[in-house]
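*Asks:* Structure provided below as structure tokens; questions to follow.
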Amino acid sequence: MHFLQRLEAFIDWFVPPAINQDAHARKRVRMFLISHLCGPFLGAPIWLFLWVNDPNPLPQVPILAAQIAAFWLFPLALKLFPSHYTALAVISVFNLSSAILWGSYNYGGASSPFLVWFLVMPLLAFFYLGSGPRIRVIIFAQIAIGLMAFYAAFRLENSFPSRIPLDDMVEVGIISAFCAATYVFLMASYYSSVVDSQSELLREIDRHQETMKMLTLAKDEAVRANGAKSDFLAKMSHELRTPLNAVLGYSEILLEDAELEGRGEQIADLQKISGAGKHLLAMVNDILDISKIEAGKMELNIESVDLDALIREVEATSRPLAAKNTNAFIVERAENLGTVHVDATKLRQAIYNLLSNAAKFTHNGQVKLSVRREMREGGEWLVIAVADTGMGISKEQQESLFSNFSQANPSIAAKYGGTGLGLSLSQNLCRLMGGVITVESELGKGSLFIIHLPLGSDDGAPEDDGSSRAPRKDSRERHASLSTVQHAPDKPQTILLVDDDRAFLELAERLLLKEGYSPIITDAPESVLQIVRTARPAVVFLDILMPGLDGWDVLATLKSDPVTASVPVIMLSVLDDQQKARAQGAELLLTKPLDTRKLKQALQLARRSPSGPEGNGRLTTVTG
């Protein structure tokens, strides 16, 4: 085994580096080298026999010996002239043909035992050079010219030289046949190994193709399963949020009544009901968002955002969370934060999740929010840090901190609650915006979470061709149209509620009556066009998921009618699809469940709107 390895290394020494890079050419060159290194050893017994048995061996035997020994020069020539392999192979075949015909002419003529080697010549030629049309012509021409010269020499003398009687050449004939067979055997064995390796490669390719088919089928099945999961989550989200509308809405109504009437015991109970409903809603939202991110369906709604205003809003929402566990809440913001172009909803959600965690796991300590813009290599970045003096996180627990349904310690879920989706969702949202969340923490000393977001160009806005700015311009124009609507001060604004859920309609009706509006409710979306044409409303709140005609169909119908096209429409849905809502002509989209805060914001927008020439003082809202 060691000898064979050294022999292969010796053969490979002659292979030019350029040919080594081509596996197919390398196999041919190796065959060329093996035949030329071993061939002279097999031909030596022939010329030695002739030297001993020929009474006058000069000059025919030395010429034959020189032709046989010349094969050893070809590996060296290939080493020196690697780019001339084809020419060397052709010359080698010519040399073999000349040696065979020279030996046969001088020893036996047409009956020479050496002519058996002539059958080896085309075999070697095709091993060396392949079987291309040009090679076939060259080899056939060499055979034809050689045999014609052989016959011409015979005709010139009318006989072959008689140097050794044929009866005395039986032994050398056997030796010649054996050497030729051995030579062919060696070459055929090597060629067989090459074919076997190619066959194994083909079988491996077939196995890989079969594996690829199985993987493709598995991928298709996974895509179908993922689609089914997304459909299931969307439907379940709708089914869960529909009763949550009633839970949150009625609890808020009852809570307001209880506060007005001073029923202290009921206030505490109602606050617990409202808190539980909001917690369930947050969990449903997180699961749906994670599903959309995994399915690649989460879209960014890039808009111009005033960072100072955004931080003030986050501060107002988060300060009660920090105070709940008697924590000090500190906000540090750099001067001139200015305006950036980001998805405000997703950025706000990521910051709120970090602050919520910090406030939950810190008691009698400090929670600090700091915001700054920072120049780095490649552009400007927004850096938002949330630090706390809470329990801290170990290095081992940090490794799985951003995984779905993962918490730093299993005991945390039992003590503090939570699904373990907040950090994972925040990280995914930041990555969707091109950023990342990093963490630094030590047990017993607190944690530091930092959001890094690239701002792109000088003002933080990513460059585009203007298409992304068009929807915002259209949105401003639609809000401008909303502000031109006036209503008579002596009439309450009329609101049309359209939903297939009667419980929600009753709840929304009560909320609107408490706010001083005159609601119109219907669960028949096909009647919306007639109602809008008759009532000429100022705004339409339109739900999306309804049987038969869905909200998009109703919106398209309203916008295609000349009488109702100018009526502003606000969509309501469990799905967050702001871009589609804008593209189809809606003012904005509010996600359900629709609580009092969201409803008041939408109605305040309408209340601030003076009436236009086509309005009659009524505000139309289609919800669901």
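The values are calculated or read from the model by the stated rules, or taken from the named source; none is laboratory data. What you see is a predicted model, and the numbers here were worked out from it, not measured in a lab. Backbone-built Cβ (ideal geometry, glycine too); neighbour counts: all protein chains shown. Heads up: the accessible areas ignore ligands, DNA and RNA and are worked out on the full protein's heavy atoms, side chains in. Shrake-Rupley method; radii C 1.70, N 1.55, O 1.52, S 1.80 Å.
*Asks:* Looking at Ala125, is it at negative phi, of a type in the set (Gly, Ala, Ser) and over 55 Å from the mean Cα position of the chain (by Cα)?
*Replies:* Answer is no for this residue.
*Asks:* With respect to Phe74, determine if the residue is modelled with pLDDT of 90 or more, over 18 Å from Leu101 (Cα atoms), in contact with a helix residue (DSSP H, G or I) (Cβ under 6 Å, 6 or more places away or on another chain) and open to solvent by less than 40 Å² (accessible area, probe 1.4 Å). Steps first, please.
*Replies:* Details: modelled with pLDDT of 90 or more: yes; over 18 Å from Leu101 (Cα atoms): yes; in contact with a helix residue (DSSP H, G or I) (Cβ under 6 Å, 6 or more places away or on another chain): yes; open to solvent by less than 40 Å² (accessible area, probe 1.4 Å): yes.
Yes, satisfied.
*Asks:* Within the stretch 288-372, considering only strands (runs of 3 or more DSSP E) that don't extend past its boundaries, which have at least 2 residues that are surrounded by 20 or more Cβ atoms within 10 Å (Cβ to Cβ)? Break it down stepwise before answering.
*Replies:* On the way: elements: 303-306, 328-333, 339-342.
Per the criteria, 339-342.
*Asks:* When you go through Ala268, Ala258 one by one, which is the residue that is at pLDDT 80 or above, under 30 Å from Ala503 (Cβ atoms), in contact with a helix residue (DSSP H, G or I) (Cβ under 6 Å, 6 or more places away or on another chain) and among the small types (Gly, Ala, Ser)?
*Replies:* From the options Ala268, Ala258, the qualifying one is Ala258.
*Asks:* May I pose another question? Pick out the one residue from Ala323, Ala295 that is at pLDDT below 85 and among the aliphatic types (A, V, I, L, M). Full working, then the answer.
*Replies:* Numbers: Ala323 fails: at pLDDT below 85.
Answer to the selection: Ala295.
*Asks:* Among the residues of the stretch 227-256, which ones are of a type outside the set (Gly, Ala, Ser) and more than 18 Å from Val284 (Cα to Cα)?
*Replies:* Passing the criteria: Tyr250, Glu252, Ile253, Leu254, Leu255, Glu256.
*Asks:* Residues in the stretch 393-403: is at least one within 21 Å of Arg431 (Cα to Cα) and of a type in the set (A, V, I, L, M)?
*Replies:* Taking every residue of the stretch 393-403 in turn, at least one turns out to be within 21 Å of Arg431 (Cα to Cα) and of a type in the set (A, V, I, L, M).
*Asks:* Right, here's the next one. Could you please tell me which pairs satisfy a Cβ distance under 6 Å, a separation of 6+ or placement on different chains, a first residue in the stretch 358-380 that is without any contact (Cβ under 8 Å) to a residue 40 or more places away in the chain and in the same structural domain as Glu440 (by the TED database), and a second residue that is crowded, with 18+ Cβ neighbours inside 10 Å and aliphatic (A, V, I, L, M)?
*Replies:* Going by the 6 Å Cβ cut-off, the qualifying pairs are Lys368/Ala387; Ser370/Ala385.
*Asks:* Just give me the residues in the stretch 99-126 being more than 22 Å from Asn53 (Cα to Cα) and either outside the structural domain of Ala69 (by the TED database) or open to solvent by 30 Å² or more (accessible area, probe 1.4 Å) (or both), in sequence order.
*Replies:* Listed by number, the residues that qualify are Leu119, Pro122, Leu123, Phe126.
*Asks:* Taking the stretch 18-38 on its own, how many of its residues are surrounded by fewer than 12 Cβ atoms within 10 Å (Cβ to Cβ) and in contact (Cβ under 8 Å) with a residue 60 or more places away in the chain?
*Replies:* 1
*Asks:* Further, regarding this structure: Identify, from the list Leu280, Leu254, Leu244, Leu270, the residue that is within 19 Å of Tyr352 (Cβ to Cβ), part of a helix (DSSP H, G or I) and either in contact with a Gly (Cβ under 7 Å, 6 or more places away or on another chain) or not assigned by the TED database to the domain that holds Ala344 (or both).
*Replies:* Criteria check complete, one pass: Leu280.
*Asks:* Output the residue which, of all residues in the stretch 131-166 that are of a type in the set (S, T, N, Q) and under 60 Å from the mean Cα position of the chain (by Cα), is nearest to Asn95 (Cα to Cα).
*Replies:* Gln142
*Asks:* While we're here: Is it the case that some residue within the stretch 68-85 is farther than 29 Å from Tyr151 by Cα and of a type in the set (Ser, Thr, Tyr)?
*Replies:* Checked the stretch 68-85: at least one residue is farther than 29 Å from Tyr151 by Cα and of a type in the set (Ser, Thr, Tyr).
*Asks:* Out of contact with any Lys or Arg (no Cβ under 7 Å at 6 or more places or on another chain) and farther than 18 Å from Ser426 by Cβ: does that describe Ile330?
*Replies:* On the way: out of contact with any Lys or Arg (no Cβ under 7 Å at 6 or more places or on another chain): no; farther than 18 Å from Ser426 by Cβ: yes.
Criteria not met by Ile330.
*Asks:* Of the numbered conditions (1) within 22 Å of Tyr183 (Cβ to Cβ); (2) open to solvent by 70 Å² or more (accessible area, probe 1.4 Å); (3) among the aromatic types (Phe, Trp, Tyr), Phe150 satisfies every one except a single condition; which is it?
*Replies:* (2)
*Asks:* Right, here's the next one. Select, from Arg155, Arg163, the only residue that is touching a residue at least 12 places away in the same chain (Cβ under 8 Å) and basic (Lys, Arg).
*Replies:* Within the list Arg155, Arg163, the selection yields Arg163.
*Asks:* Next question, about the same structure. Would you confirm, using the coordinates I've provided, whether Val61 is open to solvent by less than 30 Å² (accessible area, probe 1.4 Å), closer than 30 Å to Phe154 by Cα and assigned to a helix (DSSP H, G or I)?
*Replies:* yes
*Asks:* Something else now. Just the residues that are touching a residue at least 24 places away in the same chain (Cβ under 8 Å) and among the charged types (D, E, K, R), please, taken from the stretch 166-187.
*Replies:* Asp168, Glu171
*Asks:* Further, regarding this structure: Could you please find all residues in the stretch 523-554 being in a loop (DSSP other than H, G, I, E, B), buried (at least 16 other Cβ atoms within 10 Å of the Cβ) and of a type in the set (Gly, Ala, Ser)?
*Replies:* Ala538
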